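Report on the structure given below.
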Amino acid sequence: MRKLIIVFVSYCFGLSVLIGQTQNNDSIKRLSEKSVLKDELNKLINSKHLMKASLGVFQSKPSFINKAIAAGPYRSYWYHDGYFILGVGTGNFLKQSDFSPQFKDTVAFNDLNIGANFAFKKLSVGRRLWDIKGILLSPQIGATYNRLYFDGKAYSGIKIIPSASLQFPYFAIDARLNVDIRGTKSNPNLKGFAVYPEIGFRLDGLYNIFDPTWVQNGHYEGTKTWNEVSYRTESSVERNLDGSMTIYETTIKTTTTKTENYNFDDMARNVGPFLAVGPRVCFNNQVYSGKTFMAGIGYHARMPMFGADFTVDFGKLGFASSYQNKETISNPKPSKNKINKNDIRFTGTYNATRIGGRGSVDLIDVLTKLYYRGHSEDAGKKATKFTRIIGGVGGGYAIVSKPHFDRSYANQYFDSLYTADYTALTTPYNAAKYGENTPFFTWFVCLEVGAVQCSVEWYRYKYAPLANVQTITIGYMLPYKRIIKRFRTLKTMKQQLKD
């Protein structure tokens with residue numbers, strides 16, 4: 001009996017030790033997992049997620065032209081995608097008028113930049129997570145080939161761009177120092193070497209939120225056939241009876257049929273279908289019309305090859321002075337009537353509310369399928385592209401107020417002119433004051449870089465046709481489901497760390 005009791009006690013003691021060791025091992029394992037989670041979370045929170053794709057606008061004084069002829073600021077618009085950068089700039093200068101030496105005309109100049117930009121991530125200060133949390137100061141350096149179009153001539157050069165980019169959630173403010181070097185000896189109004197500061201604002205395309213992956217967006221295989229036409233001239237000489245000679249020239253047309261075999265995969269950066277909501281601004285700065293500036297909100301859907309938008313805008317809708325031909329009793333509907341871009345007497349704005357929708361298609365996919373007829377059935381249908389060039393049409397309804405003219409004398413001056421002209425009809429084509437609430441139609445072309453969109457739009461207002469001017473719209477499409485998911489992921493990781 002005593003032996004049995006000793007065996008039982010020994011067994012219980014061994015079992016308790018074993019259980020204790022197991023619990024201790026589990027505790028060590030949990031501590032180890034918690035430590036790994038803590039390290040991962042700290043590493044994530046302290047990430048330096050730089051802006052990888054963006055659209056931005058910059059402004060400076062154009063120090064590369066003679067100060068005496070500079071007229072206003074120089075603005076440039078930049079597209080960043082990874083290391084690649086593309087920029088177009090515009091400004092104005094004063095030139096002696098052809099009309100009279102006493103007058104000077106304001107003339108536009110433009111330039112184009114193509115190059116690369118590099119960020120020094122290890123030298124960056126701060127932290128930024130998924131493009132939506134944190135602040136990061138990043139030193140950067142860029143270089144571009146520059147082509148300046150000035151006073152009817154083109155000048156080539158290089159632009160070196162050291163900069164500091166202060167990157168917030170969703171946007172960045174950049175301070176740059178431009179160093180321009182170009183050959184300008186033939187034009188005394190241009191400087192061959194110029195250094196000047198520039199400040200800019202960039203909207204983040206949210207590359208780290210979309211997290212695009214390369215996918216095959218279709219396969220193209222086939223033979224393309226086309227005709228090339230060439231011309232050559234053959235001469236012949238004929239001796240006349242009087243000894244003179246007559247030369248005859250004959251033009252011979254030759255048509256050659258050529259073929260090209262193609263076999264390739266169309267690769268695209270896919271972000272998957274998404275819904276988004278965000279702000280938008282619509283503006284124009286045409287000399288022949290009032291300045292449009294409208295702000296609003298858009299709801300967007302993007303999917304492979306197609307897109308849809310619903311928008312509401314509020315603000316000032318600019319209108320032009322007149323059409324080239326009046327609508328009169330004898331000619332109530334002039335054919336091919338266009339806005340008179342030389343008339344600026346009666347420009348102004350309506351206070352307007354605009355509600356509409358539009359549909360779009362990926363223009364690159366469409367043009368590729370038209371050019372290469374031999375393609376797989378799923379071509380263009382797999383990828384919702386991170387960078388897209390889209391185009392489409394839309395429509396809606398605009399509520400407009402009474403017109404507000406840019407010039408104080410415009411209303412009285414207009415009334416005096418039309419009182420004297422009994423043949424002119426009281427139609428919205430003849431005067432903005434006859435404009436009213438109206439349906440509208442629009443078509444557009446748009447560059448989209450992730451969440452950022454920049455559209456060139458042409459509107460046609462049925463009952464306010466003097467507002468039919470070209471505008472530019474900048475929109476920000478926030479993929480709210482993906483952003484909320486990221487914040488929830490971060491919250492869950494923090495909660496796990498506490499537990």
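The values are calculated or read from the model by the stated rules, or taken from the named source; none is laboratory data. In this text, all values refer to a predicted model and were calculated from it rather than measured experimentally. Here Cβ is always computed from backbone atoms with ideal geometry, including for glycine, and neighbour counts include all displayed protein chains.
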With the requirement that a residue be farther than 24 Å from Val195 by Cβ and outside any strand (DSSP E or B), what does the stretch 41-82 give you? Leu41, Asn42, Lys43, Leu44, Ile45, Asn46, Ser47, His49, Leu50, Met51, Lys52, Gly82
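Being within 20 Å of the chain's Cα centre (by Cα) and surrounded by 14 or more Cβ atoms within 10 Å (Cβ to Cβ): is that true of Leu206 here?
So Leu206 passes the test.
Quick grid of which residues meet (1) out of contact with any strand residue (DSSP E or B) (no Cβ under 8 Å at 6 or more places or on another chain); (2) more than 26 Å from Ile399 (Cα to Cα):
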| position | (1), (2) |
| --- | --- |
| Thr328 | no, yes |
| Pro334 | no, yes |
| Asn351 | no, no |
| Leu370 | yes, yes |
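In the stretch 140-149, what residues are surrounded by fewer than 18 Cβ atoms within 10 Å (Cβ to Cβ) and among the hydroxyl-bearing types (Ser, Thr, Tyr)?
The answer is Tyr145, Tyr149.
Report yes if Lys341 is on the phi > 0 side of the Ramachandran plot and either without any contact (Cβ under 8 Å) to a residue 60 or more places away in the chain or out of contact with any Asp or Glu (no Cβ under 8 Å at 6 or more places or on another chain) (or both), otherwise no.
Spelling it out, it is not the case that Lys341 is on the phi > 0 side of the Ramachandran plot and either without any contact (Cβ under 8 Å) to a residue 60 or more places away in the chain or out of contact with any Asp or Glu (no Cβ under 8 Å at 6 or more places or on another chain) (or both).
Quick grid of which residues meet (1) among the aliphatic types (A, V, I, L, M); (2) touching a helix residue (DSSP H, G or I) at 6+ places or on another chain (Cβ under 8 Å):
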residue	(1), (2)
Val107	yes, no
Ala119	yes, no
Arg128	no, no
Leu137	yes, no
Gln140	no, no
Asp174	no, no
Gly183	no, no
Asn189	no, yes
Which condition breaks for Ala154 when tested against (1) surrounded by fewer than 16 Cβ atoms within 10 Å (Cβ to Cβ); (2) within 30 Å of Tyr207 (Cα to Cα)? (2)
Out of the residues in the stretch 343-383 meeting the condition of being among the aliphatic types (A, V, I, L, M) and not in a loop (DSSP other than H, G, I, E, B), tell me which one is nearest to Tyr434 (Cα to Cα). Ala352
For the stretch 384-499, which fully contained strands (runs of 3 or more DSSP E) count at least 2 residues that are over 22 Å from the mean Cα position of the chain (by Cα) and surrounded by 13 or more Cβ atoms within 10 Å (Cβ to Cβ)? 387-400, 438-449, 452-461
Out of the residues in the stretch 161-202 meeting the condition of being of a type in the set (S, T, N, Q) and part of a loop (DSSP other than H, G, I, E, B), tell me which one is surrounded by the most Cβ atoms within 10 Å (Cβ to Cβ). Thr184
Of the residues Ala464, Ala432, which single one is of a type in the set (A, V, I, L, M, F, W, C), over 30 Å from Leu55 (Cα atoms) and touching a helix residue (DSSP H, G or I) at 6+ places or on another chain (Cβ under 7 Å)? Ala432
Say we look at the stretch 260-308 and pick out the residues that are among the aliphatic types (A, V, I, L, M), touching a strand residue (DSSP E or B) at 6+ places or on another chain (Cβ under 7 Å) and under 22 Å from Ala383 (Cβ atoms); which of these is surrounded by the most Cβ atoms within 10 Å (Cβ to Cβ)? Ala268
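Consider the stretch 56-89. How many of its residues are of a type in the set (A, V, I, L, M) and closer than 15 Å to Ala175 by Cα?
Residues meeting the conditions: 1.
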The listed residue being exposed (fewer than 15 other Cβ atoms within 10 Å of the Cβ), modelled with pLDDT under 95 and closer than 23 Å to Ala53 by Cβ, out of Leu123, Leu112, Leu137: Leu123
Scanning the stretch 116-146 for residues that are free of Cβ contacts under 8 Å to residues at least 12 places away in the same chain and among the aromatic types (Phe, Trp, Tyr) gives none
Could you please find all residues in the stretch 355-372 being of a type in the set (Gly, Ala, Ser), out of contact with any Ser or Thr (no Cβ under 8 Å at 6 or more places or on another chain) and surrounded by fewer than 15 Cβ atoms within 10 Å (Cβ to Cβ)? Gly359
